[in-house]
Amino acid sequence: MNQKHYYVYIATNKRNTVLYTGVTNDLLKRESQHKEKLDKKSFTAKYNVNKLVYFEETGDVYVAISREKKIKNLLRKKKIDLIEKVNPEWKDLVEGLL
């Protein structure tokens, strides 16, 4: 039986000024969608959010959704602390996943 994977992630723009938190079951596909800006009216397209800077993985969709809500409610400083704990240089983590 295949184990499902769910990801809570934070993405940002080139200058790291916008922080977007989301949840997905296919991190590479979701980040590709952000980069391609398929929905021109979306928040991520409008603010050019296309760099994955943080993610967590779980096998439980409800845990992922709950964690996404918790991260979304964090103060910006706490989100930055979360990112910098695992990615101090704010590199695009997609490259490491390929």
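Quick one: of 40/79; 37/77; 4/70; 29/78; 4/85; 41/77, which pairs are farther than 24 Å apart, Cα to Cα?
Result: 40/79; 37/77; 29/78; 4/85; 41/77 exceed 24 Å.
Across the chain, what fraction of all alpha-carbon pairs, as a whole percent, falls in each successive 10 Å bin from zero upward?
Binned Cα distances yield the sequence 16, 49, 32, 3, 0.
May I ask you to sort 37, 29 by Cβ crowding, counting other Cβ atoms within 10 Å and putting the fewest first?
Fewest-to-most Cβ neighbours within 10 Å comes out as 29, 37.
With runs of 4+ DSSP H residues as the only contributors, calculate the mean residue ellipticity of the chain at 222 nm using -39,500 (n - 2.57) per run, divided by the residue total and rounded to the nearest 500.
Details: 5 runs with 41 residues, N = 98.
So the calculated ellipticity at 222 nm is -11500 deg cm²/dmol.
For the chain, what does the relative contact order come out to in percent, with C-alpha contacts under 8 Å and a separation of six or more?
33
No value in this document is a laboratory result; all are computed from the given coordinates. Please read all numbers here as calculations on a predicted model, not as lab measurements. For neighbour counting, all protein chains shown are included, and Cβ atoms are generated from backbone atoms with ideal geometry for every residue, glycine included.
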